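K.L.:
Provided herewith is a single structure, encoded as structure tokens, for subsequent inquiry.
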Amino acid sequence: MGVLLLLLAGASLTIRHVGSWLVVQDQLEPAPVIVVLSGRLPERAREAAAIYGQGFASEVWISRPTSPAEELEKMGIAYVGEEFYSARVLMKLGVPSDAIRVLDRPAGNTLEEVEEIAAELKRAGDKKVIVVTTKAHTRRVRFIWHKRVGDSPRAIVRFARDDPYDGSRWWRTTAGALDVVREVLGLANAWAGFPVRPAT
């Protein structure tokens, strides 16, 4: 009985701390490019604009998420994607339009984003990039980058400071719980070699 109680206590402690474990961040340093990963508008774009404003990079790239644009276009319905609004946030916060680039290839998940960013950096000859995401997503971004890309080019992973996620009390909100479940499953998928892929 005592062993069972100890195991339950250990599991409970692990579950409580997993939310904080997910949050990592690298030291900010100059790089040619800042990349805004898709999702969590406007927090990620706002953080990228702040980093740009501090002079750490000369360009901001925006990852393009997959969207229903093609289907809606066939129906005669105009679609404005998330990347449009991310660019508007950046410009509103002082990033010049000629310093903003939306990546061409839509990405269905973090792995596809990492692969697209790394390929574009290699084409440009850039050795370093600042990748902006939200708090709970940082460990997965860093892990996938190291697994798929390594250190050339090197990713500096940063989180949006105004992200409301609280890793020490993640279970108290639906948003926090969903973040933790998604990130833990995403990390498990990455560790397993990405057997689960987005639907096509």
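The values are calculated or read from the model by the stated rules, or taken from the named source; none is laboratory data. Quantities reported herein were computed from a predicted structural model and do not represent experimental measurements. Here the Cβ is made from the backbone with ideal geometry for all residues, glycine too, and neighbour counts use every protein chain on show.
K.L.:
With within 24 Å of L41 (Cβ to Cβ), of a type outside the set (D, E, K, R) and more than 17 Å from the chain's Cα centre (by Cα) as the only criterion, which of A155, A177, A192 stands out?
P.N.:
A177
K.L.:
In addition: If R40 meets every condition in (1) buried (at least 19 other Cβ atoms within 10 Å of the Cβ); (2) over 16 Å from I62 (Cβ atoms); (3) at pLDDT below 95 apart from one, which number is that one?
P.N.:
Answer for R40: the failing condition is (2).
K.L.:
Continuing with this model, one more query. Among what's in segment 78-97 and is among the β-branched types (V, I, T) and in contact (Cβ under 8 Å) with a residue 12 or more places away in the chain, pick the residue that is surrounded by the fewest Cβ atoms within 10 Å (Cβ to Cβ).
P.N.:
Taking the candidates together, the pick is V89.
K.L.:
So, one more: Show me the helices (runs of 4 or more DSSP H) entirely contained within segment 56-128 in which 2 or more residues are of a type outside the set (V, I, T) and touching a Phe, Trp or Tyr at 6+ places or on another chain (Cβ under 6 Å).
P.N.:
Fully inside segment 56-128 and qualifying: 69-74.
K.L.:
Would you call P198 modelled with pLDDT of 95 or more, over 13 Å from the mean Cα position of the chain (by Cα) and not in a helix (DSSP H, G or I)?
P.N.:
no
K.L.:
Right, something else. Before we move on, is P106 crowded, with 17+ Cβ neighbours inside 10 Å, modelled with pLDDT under 95 and not polar (S, T, N, Q)?
P.N.:
yes
K.L.:
For the structure I just gave you, tell me whether V141 is in contact with a Lys or Arg (Cβ under 6 Å, 6 or more places away or on another chain) and either among the hydrophobic types (A, V, I, L, M, F, W, C) or without any contact (Cβ under 8 Å) to a residue 12 or more places away in the chain (or both).
P.N.:
No; evaluated as a whole, the condition is false for this residue.
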